[in-house]
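The structure under discussion appears below in the form of structure tokens.
The values are calculated or read from the model by the stated rules, or taken from the named source; none is laboratory data. In this text, all values refer to a predicted model and were calculated from it rather than measured experimentally. Positions of Cβ are backbone-derived with ideal geometry, glycine not excepted, and every protein chain shown enters the neighbour counts.
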Amino acid sequence: MTDMPLTVRRSIELLGLVLVIAILVIAHNIIMPVLMAFFISIMLLPVFRFLRKHKFPEPAAIIVPILLVAILLGLIVWFFSMQVGSLIQDFPQIKRNVGIHLNALSSWVSSISDFSTKEQVKFINDKSNDMLGMAGKAASGAAVTLSSIFVFVGLLPIYIYLMLFYKDILLRFIFMWFKPDHHHKVKDAIYETESIIKNYLVGLLIQVTYMTILLGGILMIVGIKHALLIGVIFAMLNLIPYVGALIGNLIGVLLTLTSSTELWPVITVLLVIAVVQFLDNNILMPRIVGSKVKINALFAILGVIIGGSIAGVSGMFLSMPVIAVLKVIFDRTETFKQWGVLLGDERPSKSPMTFASFRKKKPVPAKPGVEKTKEKD
């Protein structure tokens, strides 16, 4: 490919990019579980190697870490269900609080407009019927989504087991794509990819843990009801960059409004979320993940948006590790090195437009017609 003209090479690169995106859009239901299993299997490699080092049989060394992941997910689901259960128990009080908020809102609307209480009730009933119709359609769609989630989760342990069991075959396949002279670069890229994925995924687990403890603990100390539920919901949604934090704030405010008739708990929740998020974005998370994944903010946002449009929430979650892996590969190949520069956050010390070769003034040849005009003048 290096012997081709530059325009042909760039055209092939862009065509390949379009082809990859088209394949992801068409086959994302097949590709996303495989990608997720690939990342989880890399995160489980240290446990697998530890067990193999202590003479565990290979099947047992694979099954044990998968069971640990299943137990961890089960504990998370159990904790979340316990918090939702306590919310359901408070439903009568929530109903009364919602009624109080609606009456206060109705009085405020009547004081600033000509809408009577009867007109407001009619408007609320009409919109409620519309929302029920929309909820019915959403529920039918959610049933399909739920079934796809069960298929997704059911395939994950199978994929993880097979990837760990056949990892040497997969590695041999990768090495056979390259000449023996380049195998040392391939080895370095594999080790760096493994390190980046492990640090990123472990960092996300740590982030969810300390966000839940910090946010839920502070809100519980202040006296906010359903503090732990607000903490765990915000911590889980915060895994989705940029959009998740906004939705988490909204859910936190709604849960607080339904559990209290006063305004100060809402202000407290917003202030605590803002403080915890500031600590997370500027102090904690950069030390855990930011030093490992060197992706600039522009392509991080684009990756999240493109991943979400292709495969929903799973695409948003997987976008960052996929971009990080691509950057490792691009940085180690001469053909695609410019793509690694584009994805990275290493800004040049000065603009390329100010390089010495660009500052040399070269005489611009004048057109023959222009020279004759000057001579006549």
Are any residues in the stretch 191-226 touching a Ser or Thr at 6+ places or on another chain (Cβ under 9 Å) and more than 18 Å from Gln277 (Cβ to Cβ), and if so, which ones?
Asn199, Gly223, Lys225, His226
Which one of Phe115, Phe80, Phe56, Phe38 is out of contact with any Pro (no Cβ under 9 Å at 6 or more places or on another chain) and at pLDDT below 70?
Phe115
Which pairs have Cβ atoms under 6 Å, sit 6 or more apart or on different chains, and link a residue in the stretch 313-336 that is surrounded by fewer than 22 Cβ atoms within 10 Å (Cβ to Cβ) and modelled with pLDDT of 80 or more to one that is hydrophobic (A, V, I, L, M, F, W, C) and not in a helix (DSSP H, G or I)?
Ile323/Ile295; Phe330/Phe336
Tally time: how many residues in the stretch 191-243 are among the β-branched types (Val, Ile, Thr), farther than 17 Å from Ile76 by Cα, more than 13 Å from the chain's Cα centre (by Cα) and crowded, with 16+ Cβ neighbours inside 10 Å?
5
